[in-house]
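Report on one structure; see the data block that follows.
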Amino acid sequence: MGQRRKIGVIGGGQIGGVIVQLAVERELGDVVLFDVVEGLPQGKTLDIWAASPLLRSDCCAIGTSDYKDLAGCDVAIITAGVPRKPGMSRDDLLKVNVEIMKTVAGNLKRYCPGAFVIVVSNPLDVMVYACQKLSGLAARMVCGMAGVLDSARFRAFVADAVGVSVEDVTALVLGGHGDTMVPLTRYCTVNGVPVGELLPAETIAAIVERTKNAGAEVVNLLKTGSAFVSPAVSALEMAQAYLQDKRRLCVCAAQCNGEYGAQGYYIGVPVIIGSGGIERIVELKLNAAEQAAFANSCRHVREMIDAVQW
Ligand code: TXD
């Protein structure tokens, strides 16, 4: 591969496949797709390579089941694991996916210790904690993708309810990636206009609930897996912010060391992502109700972390 940036994707399933396709399409860099299923990464990347003349992309993608091909990756996106099936909670995935993360983390440390790592696998807040703990990589270079997705879901629902372009809606959804997430309605605006001036309180409350359940809504409709396009696009937003030093303010699972009262574990908070990785955690002045909701989310994440035999 030439001097282009190198993006590693570990886990070539539903989300991983879309990530590779979009990364090539946007010419973010050359891509190495890793999976343990023989042929899966090779087949998916060969398919995308065939599309490259039509995608007008000179970036290449290769598939592998050998971790050494990840050597020197600038970014590593981890989707390895088992997705939910109807009736399963994200927590049910805990034990299975932490075991997988042990292998992944060791190979990150060995082959691409300088990479900016974006964890996608669920249960997200524990998996990103596991990845950093088991790899020993700098906390600012390991983050989790959830807040960008949850905020996008909230934004889409608000845009639809108000009847405006999705481009004009900004929103922040903090906390753990699950039922205890915290959509900050007070910070949601349509091009600067607070959403509370555009929608009745009960409509906003309904959107908050739909956002919290949006993942399950897709799982129940698909019956065989979970959302995969929106998570893929969300992870790429974060990768692009790092690769192009865009200094994006977005919500992602970052290691807090006292910020928002969280000590030493990962949870969804507003951060700035640039070439330094998680360059800054942005502390908002939450009101009492927001603080209580966030503290509740922290408790749930802590309980999941404590449930693992590290
Ligand atoms: O917002 C978020 N963070 C969530 C994340 C949004 C949606 C889905 N979320 C989770 O991402 C989901 O619950 C799963 O834990 C991951 C990946 O979801 P995906 O839908 O892509 O699952 P797939 O299609 O089953 O792909 C997982 C791939 C599959 O190809 C396996 O062969 C591979 O992971 N896999 C492994 N790769 C590497 N190493 C190991 N050990 C391994 N085990 C399985």
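The values are calculated or read from the model by the stated rules, or taken from the named source; none is laboratory data. Remember, it's a predicted structure, so these values are computed and weren't measured experimentally. Reconstructed Cβ throughout: ideal geometry from the backbone, glycine too, with neighbour counts over all protein chains shown. The area values use the complete protein model at the heavy-atom level, side chains included, leaving out ligands, DNA and RNA. Shrake-Rupley method; radii C 1.70, N 1.55, O 1.52, S 1.80 Å.
Quick test of your reading of the structure: Lys133 fulfils all but one of (1) open to solvent by 30 Å² or more (accessible area, probe 1.4 Å); (2) within 15 Å of the ligand (Cβ to nearest atom). Name the failing condition by number.
All conditions pass for Lys133, except number (2).
How many of the residues making up segment 46-102 are assigned to a loop (DSSP other than H, G, I, E, B) and open to solvent by 70 Å² or more (accessible area, probe 1.4 Å)?
4
Residues checked against (1) open to solvent by 20 Å² or more (accessible area, probe 1.4 Å); (2) more than 19 Å from Val142 (Cβ to Cβ); (3) more than 16 Å from the ligand (Cβ to nearest atom); (4) at pLDDT 95 or above:
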site: Ile207; (1), (2), (3), (4): no, yes, yes, yes
site: Leu221; (1), (2), (3), (4): yes, yes, no, yes
site: Ser226; (1), (2), (3), (4): yes, yes, no, no
site: Val251; (1), (2), (3), (4): no, no, no, yes
site: Gly261; (1), (2), (3), (4): yes, yes, yes, no
site: Glu283; (1), (2), (3), (4): yes, yes, yes, yes
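Going by what's in this entry, would Pro123 be described as in contact with a His (Cβ under 8 Å, 6 or more places away or on another chain), within 11 Å of the ligand (Cβ to nearest atom), at pLDDT below 95 and not basic (Lys, Arg)?
The answer is yes for Pro123.
Among residues belonging to segment 228-241 that are open to solvent by 20 Å² or more (accessible area, probe 1.4 Å) and more than 8 Å from the ligand (Cβ to nearest atom), point out the one that is farthest from Thr79 (Cα to Cα).
Step by step, filter segment 228-241, then rank; the result is Gln240.
Only one of (1) within 23 Å of Ile272 (Cβ to Cβ); (2) surrounded by 18 or more Cβ atoms within 10 Å (Cβ to Cβ); (3) more than 12 Å from the ligand (Cβ to nearest atom) fails for Thr170. Which number is that?
Failing condition for Thr170: (2).
All but one of (1) within 16 Å of the ligand (Cβ to nearest atom); (2) of a type in the set (S, T, N, Q); (3) open to solvent by 30 Å² or more (accessible area, probe 1.4 Å); (4) more than 22 Å from Ile7 (Cα to Cα) hold for Ser151; state the number of the condition that does not hold.
The single condition Ser151 does not satisfy is (3).
Counting only residues that are open to solvent by 40 Å² or more (accessible area, probe 1.4 Å) and in contact (Cβ under 8 Å) with a residue 40 or more places away in the chain, how many does segment 103-113 have?
2
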